[in-house]
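A short write-up of the structure that comes next.
The values are calculated or read from the model by the stated rules, or taken from the named source; none is laboratory data. If you're wondering where the values come from, they're calculated on a predicted model, not measured in any experiment. Please note: Cβ atoms are built from the backbone with ideal geometry, for glycine as well, and neighbour counts cover all protein chains shown.
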Amino acid sequence: MSIKEQVVIFLHTIGHNVRFRVAAGRFHRSVETIHRYFRVVLKGVFCLYKHVVRLPDNETQPDIRNNRRFYPYFKDCIGAIDGTHIRASVPIEIQGRFRGRKDGTTQNVLAAITFDLKFCYVLAGWEGSAHDSRVLDDALHRSRGLKISEGKYYLGDAGYGNKIGILSPYRKVRYHLQEFSDHPPENAQELFNLRHSSLRTTIERGFGVLKKRFRVLGAEPFWSFETQVEVVLACCVLHNHIVGVDPDDPIMGDTTSEVDSQRIVHQTHQTRREAQEESREWNDKRDEISEAMWIDYVTNRTMAKNKEKEGKGSQFRWSTPMHVMLLDILEDEALKGNKPSNTFKPQSFARVAKEISEKFEAHPTHEQYLNKKIEFYDQMAIVVGKDMATGSYAFSWGGETPHNPVVELDGESNSTVKEKITDSSSSHSKGMSHRKRSRDVNEESNYSEIASQLKEIVIAFKNQGPVDANELYEAVMTTEGFAEEMLASAFDYMIQEEKVGRAFMAKAPKLRKLWLENYFTKNM
C-alpha cells in the first residue's frame, strides 16, 4: 500500500468518523490492513507534535497589538487556555471516573491556543470528572508540560483562578458578551471582563473548528482509550498544519509567523501560603490593568461627548418649517415621476438643498426621529414609500378623462388612433345602428347574468368562511323561550364546533329554536 493511500485512509477515518469495516469496503482492503496502517499513520502524525504544536514567543500578539481595545493592556498576553470534553469509551469498571458534567463518559482535554487559532499546548486523557484547575496544575508541573515565559500569561476562565501565568476575570461581575449587548460596562471590573471575554473566545472558536473538521471527536470512539488520546493529539497536529499551509482557509483566516526561543519559568510545587501570595500578586496585576483600561475608556468617552456638543453648537437646528418644506418638495418631485426606484433622482435632492438653503440660510443634515410621533404621515408615505406609481394613467368609469390622456403607441398618439377609428367607422354607422342596439341589450343581459353569478359565489364563500362571533351571539341570545344561561352555553358550544355554528346561522328562526330545544333536551 502506498503512503498516499495510507494517509487518505487515515484522514477519511478521522474526518468522517468512518469505521474500519466501512473503510475496508471503500478502499477494497481487509479490515486488518486498514487497522494496521491506521496505526502506522497515527504514530507518524503523533511524532510531529513537537514540531507543529509549539509554545508562542515573547512578542505581543498581532491581534492585540493592532487593536486599541486590547493594547497596551494585554500586551503580555500570549494566548487563551481552557478545557473541553471529548467522548470517551472505557471499560465499565472505570466509567464512573469519566462521568462529569457532560452526558456519558468523556475525557477532559486541556488546550492553550494563540489568537491565530493555533494550538500551542494540548494535554489529553484526563477523566471527565476531573476539574479544569486540577488538569491545569498537572500540565504546569509536568517535566515537559506547559511552560509560561516570565511576565507572560494566558487568559483563563474564573474556574482557574488568578495564578502565575493565568489571568482570569472578576467573579460575580458580568462577563459573557451577550450580557453587554444592551448595557455598556459601568465600572472598571465590567470593562475588564468584557474585553477579557472578547479575547478568550478564541479558545472556544478553536475547539469548535477542531470538532467540526474532525467528526471523530464528536462521536462515540471505537478504539482503545490509549488510541483515543493519541487521536485527539493527532487532530490538533493536523489542525495546526492546515492553518500553516492554507492561509485562505475560510474558517481559520490568515496565520502569523513562526515562534522563536523564549525564556521559561519552571513551575514547582508550592505551599498554600505561597499560592495565596501568588494569587494576591496577580489580583493586583489584574486591578492595575482594569484601572488603566477604565481611565482611558472614560477619557475617550468624555472627549467624544465634548466633540459632539461642540459640533451641535456650530450647526443649525432642524425646525418644523424645514420639515414641512422638505416634504412638500419631495412630494412634488415624486408626483412628477422623479422617483424611478426606491430613491429620488439627484436633481430632486439638489432642489431640496438649494431651496432650503435659500429660505433658511442653512445646510441641513438628517436627524433620527426615534420613539416620536410621525407627523405629516400622508406626505411621508408618498415621499419615502416603496411604490413608484404616480397615478398619471389612472381613470374610472363615469366619463372621467385620464390625468394624462395622450399616450404614445408605436409612434402614434392616442388622439390620432381615435381619429382613425372614427373616420373608418363613420361610413358604416347608419347601417349598423339596429344591430348595435340589439348587441347592447344582449351585452347588458350578459353583464347582469355574470353579476348574479358572482353574487352567488361571494355568498357561497361567506358561508364557507369562519362564523362571525358577533352575529352568532346575537342570533342565539335573541331566541325567545330560553334562559340566558342556557343560551350562553349553546353559544359556547357553537363557537367550539364551527360547523354547527355555520349550520345554525343558515337556518330560519323557527328551525333555530327547534335545534336549541333538541340541544337542551340532550345536554341539560
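Brief remarks follow.
- Counted residues, region 299-322 - those being surrounded by 13 or more Cβ atoms within 10 Å (Cβ to Cβ) and at pLDDT 75 or above: 1
- Cβ-Cβ distances below 6 Å connect the following pairs, each with a first residue in region 290-306 that is farther than 19 Å from ASN67 by Cβ, a second residue that is assigned to a helix (DSSP H, G or I), and a separation of six or more residues or different chains: GLU291/ALA188.
- Scanning region 133-153 for residues that are assigned to a helix (DSSP H, G or I) and β-branched (Val, Ile, Thr) yields a count of 1.
- Meets criteria (closer than 21 Å to THR60 by Cα, modelled with pLDDT of 85 or more and among the polar types (S, T, N, Q)) for THR227: no
- One residue from PRO56, PRO72 being surrounded by fewer than 18 Cβ atoms within 10 Å (Cβ to Cβ) and farther than 18 Å from VAL231 by Cβ: PRO72
- Test result for ARG101, under 38 Å from the mean Cα position of the chain (by Cα), loosely packed, with under 14 Cβ neighbours inside 10 Å and under 30 Å from GLY125 (Cα atoms): yes
- Number of residues in region 476-523 that are among the hydroxyl-bearing types (Ser, Thr, Tyr) and in contact with an Asp or Glu (Cβ under 8 Å, 6 or more places away or on another chain): the value is 0.
- With respect to the stated conditions, ILE86 fails to be in contact with a strand residue (DSSP E or B) (Cβ under 9 Å, 6 or more places away or on another chain), surrounded by fewer than 20 Cβ atoms within 10 Å (Cβ to Cβ) and over 17 Å from LEU55 (Cα atoms).
- Test: ALA88 is touching a Phe, Trp or Tyr at 6+ places or on another chain (Cβ under 8 Å), of a type outside the set (Val, Ile, Thr) and over 20 Å from ASP157 (Cα atoms): yes
- Hits in region 482-520 - residues which are within 20 Å of ASP468 (Cβ to Cβ), charged (D, E, K, R) and assigned to a helix (DSSP H, G or I): ASP492, GLU498, LYS499, ARG502, ARG512
- Selection count where residues are more than 16 Å from LYS507 (Cβ to Cβ) and either at pLDDT 70 or above or hydrophobic (A, V, I, L, M, F, W, C) (or both), scope region 460-472: 4
- Flag if GLU230 is among the acidic types (Asp, Glu) and either assigned to a helix (DSSP H, G or I) or within 30 Å of GLY145 (Cβ to Cβ) (or both): yes
- Taken together, the residues in region 203-220 that are over 15 Å from VAL122 (Cα atoms) and crowded, with 20+ Cβ neighbours inside 10 Å amount to 2.
- The set of residues in region 506-519 being among the aliphatic types (A, V, I, L, M) and either in contact with a Pro (Cβ under 8 Å, 6 or more places away or on another chain) or surrounded by fewer than 16 Cβ atoms within 10 Å (Cβ to Cβ) (or both) consists of ALA506, ALA508, LEU511, LEU514.
- If you go through region 483-500 and keep only what is at pLDDT below 85 and surrounded by 15 or more Cβ atoms within 10 Å (Cβ to Cβ), you end up with nothing.
- Exactly one residue out of PHE70, PHE74, PHE98 is closer than 30 Å to PRO169 by Cβ, of a type in the set (Phe, Trp, Tyr) and in contact with a Gly (Cβ under 9 Å, 6 or more places away or on another chain), and it is PHE98.
- Any hit, region 105-114, residues being out of contact with any Phe, Trp or Tyr (no Cβ under 8 Å at 6 or more places or on another chain) and of a type outside the set (S, T, N, Q): no
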